[in-house]
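Following: one structure in structure tokens, then a few remarks.
The values are calculated or read from the model by the stated rules, or taken from the named source; none is laboratory data. Since this is a predicted model, take the numbers as computed values, not measurements. Every residue, glycine as well, gets a Cβ built from its backbone with ideal geometry; the counts of neighbours run over all protein chains shown. Each accessible area value is taken on the protein alone, full model and side chains, heavy atoms only, with ligands, DNA and RNA left out. Shrake-Rupley method; radii C 1.70, N 1.55, O 1.52, S 1.80 Å.
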Amino acid sequence: MADAAPGKRPIRPPSMLEAAAPVLLLIALVVLAQVLFGGDSTGGPFQIALIICALVAGMIAHKNGHDLRDVGKQAVEGISSAMGAIFILLAVGALIGTWSMAGTTATLTYYGVKLISPQWFYLACVIICGLISLSIGSSWTTAGTIGVALIGISGVLGLRADITAGAIISGAYFGDKMSPLSDTTNLSPAIAGTDLYTHIRAMLWTTVPSIIATLIIFLWIGLRTDVSATAYDPAPALHALESSFNISLVTLIPLFLVLFLAWRRVPAFVAIMAGALAGGVVAVLFQPQQVITFANDPALSPVLALLKGVWASLANGYTALTGYPMIDELVSRGGMSSMLYTVWLILAAMMFGSIMDHTGSLRKLLEPLVRFARSAGRLMISAGLTAIFLNIFAGDQYMAIVLPGTIFKEEFRKQRVAPQMLSRQIEDTATITSPLIPWNTCGAYMAATLGVATAAYLPFCFFNLINPVLSFVFDAAGFQIKRLDETTPEPLVPPPAQVEHYGVGGFDSNATIEPSRE
């Protein structure tokens, strides 16, 4: 029992039942929300479920001696840690709005339809997104730029948006995981106590077979797709794009700007907002009639109408009236306001996860996994399951990386298992499974950005499903588990790692990550 300050009740650690009660309630409410609301669950029901469970967790904490004001303060701090993710989301909404108006999305769709065969489209999505994410180190930026265009192309080709989203996410997370520029790829070895390139080499054993299997599956799906029976004739869509927008490579300047800034390691919010504002400039210069029509205010001078149109697209997105429904649906998107449901989801998830962590409930629930880790294989499996559990119930990818690293680091050292095994396992599970959880910051972002519900694209995120399963198979077989031999010195704790925040909440772009010294 913890010592109590004068005038305060002593704080008791939660029992297993008390720790599990909010989680079990969340599971029940999520299932009920799916039954009652179906695909509309992320439009409010999930958020309400998370807030109710956070209140239950707070009440249990109060029963155990925690001051409700301290619990509330912790909830606010947890929410503040997600502000980086929230601002990136808002920036992406603005970017989609101005790119729709500027013809950037239309141009990418136009050339994509003309150049990519439907049978090879899904495979191309994986490869394109994988290469871009590998080069810039950001799955979020990849999905928010080229990913949005690929979703639009799939619609014109008559292909399925859910499969396309799975291909985009598979490629984006492969590149993010293996890029030395990625924040998670730098954070994982810093927490585990190894160096970046040792960590990347260790990941090759599970990542390369996973991406090869993913490419084969998407190739098989594409070749078996009966395009003639399902596809729309792209000619009318291409004509509508040409007649409504100035289709030109110049309209791709905002895309190239974002990719360049991301490659230069400019913080994600700044890079994406720069791309959004560049989209507004391109719209004024190359699509002025579209901007004035969208402003819909004849009383204004042309200059003010152009300003109003761009301003409105940043805030509320762009609405097109091309006369071709498919194209109208493609480019009528975006705006910061379109991301507010997702922001609400992130706020609720971070509040719940922070209270559960602050009150010791998460660690209590993880005790059986720690006790299970009596061999190297079990140790690896326990660390991976812990990361997945935290992705689900803490709602944040960074917490799913940092907490298993701090919990299991000492046990890895005691069992003489090399620290790169811990960092590899964290990446194989925490990083990869985060977009598969609807209320996780990554899952919420991908669903909002691509316009496809998490539950819809999840079965087709083959890389994100195969990689952790293959990792667990290797662990159970004891394959490629590196050990420290008796002459190997203890792993040195690295200096605090500067990790640029390109993904989700948890750390800002200048945060210092202090590895565990326990």
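Projected onto its three principal axes, the C-alpha set of region 347-456 covers 45, 28, 17 Å, listed from the longest axis down. Between ASP328 and LEU55, the modelled label-to-label distance comes to 4.2 nm, taking each label 7 Å out from Cα in the direction of the beta carbon. Net charge dipole, the chain: roughly 700 debye, given to the nearest 20, about the Cα centre with Cβ charges of +1 for Lys and Arg and -1 for Asp and Glu. Computed from the Cβ-Cβ distance with R0 of 60 Å, the FRET efficiency linking SER301 to LYS73 stands at 0.75. Note on surface exposure: LYS177, LYS414, LYS308 rank LYS414, LYS308, LYS177 by accessible area, highest first, 1.4 Å probe.
On average, how much accessible surface per residue is there in the chain, in Å², for a 1.4 Å probe, leaving out ligands, DNA and RNA? The partial results should precede the final answer.
Values: 20560 Å² over 518 residues.
Per-residue value: 40 Å².
Ordering CYS125, PHE479, ILE401 by Cα displacement along the dipole of the chain toward the positive end leaves PHE479 in first place; charges were set at the Cβ atoms of Lys, Arg (+1) and Asp, Glu (-1).
FRET efficiency for ILE27 and ARG363, Cβ-Cβ distance as r, R0 = 22 Å, nearest 0.05? Efficiency for this residue pair is about 0.70. Let a ≥ b ≥ c be the square roots of the eigenvalues of the Cα gyration tensor of the chain; is it rounded (a/c under 1.5), or, if not, prolate (a/b larger than b/c) or oblate? Prolate, because a/c is 1.5 or more and a/b exceeds b/c.
With the whole protein complex present, ASP396 retains an accessible surface near 0 Å², based on a 1.4 Å probe.
Just read off the accessible area of ILE48 with the full protein assembly in place, 1.4 Å probe, to the nearest 10 Å². Its accessible surface works out to 80 Å², give or take rounding. Dipole of the chain computed with +1 at Lys/Arg Cβ and -1 at Asp/Glu Cβ about the Cα centre; of ALA315, ALA274, TRP220, farthest Cα towards the positive end is TRP220. Of all complete DSSP H helices in the chain, those with a Cα span along the helix axis of 30 Å or greater and a mean Kyte-Doolittle hydropathy of 1.0 or more are 16-37, 196-224.
Sorting the segments 121-128, 211-218 by their residues' average number of neighbouring beta-carbon atoms within 10 angstrom, most packed first, yields 121-128, 211-218.
Residues HIS199, HIS66, HIS358, HIS239, sorted by accessible area with the largest first, give HIS239, HIS358, HIS66, HIS199 [1.4 Å probe; ligands and nucleic acids excluded].
Tell me which of VAL343, LEU36, GLY58 sits at the most positive position along the dipole axis of the chain, charges placed on C-beta atoms (Lys, Arg +1; Asp, Glu -1). Toward the positive end, the furthest listed residue is GLY58. Largest first, the residues TRP439, TRP311, TRP344, TRP120 sort by 1.4 Å accessible area into TRP311, TRP120, TRP344, TRP439.
Once the Cβ-Cβ distance of VAL469 and LEU321 is raised to the sixth power relative to R0 = 35 Å, the FRET efficiency obtained is 0.15. When a 1.4 Å probe is rolled over the protein heavy atoms, the share of accessible surface on the chain that falls to carbon and sulfur comes to 68 percent. Estimated at the nearest 10 Å², the accessible area of MET446 is 0 Å² with a 1.4 Å probe.
With an 8 Å cut-off on Cα pairs and a minimum separation of 6 or more residues, tell me the relative contact order of the chain in percent. Numbers along the way, then the final one.
On the way: 975 pairs, mean separation 127.6, N = 518.
Value for the chain: 25 percent.
Gain on full extension, evaluated as 0.36 nm per residue between ARG374 and LEU36 minus their Cα-Cα distance, stands at 117.4 nm.
Sequence-distant or interchain residues sharing an amide H contact under 5 Å with VAL417, placed H: which? Placed amide hydrogens put LEU484 under 5 Å from VAL417.
On alpha carbon coordinates alone, what is the Rg over Rh value for region 119-188, Rh being the Kirkwood radius? If you can, show how the numbers build up before the last one.
Numbers: Rg = 11.9 Å, Rh = 11.7 Å.
Here Rg/Rh amounts to 1.02.
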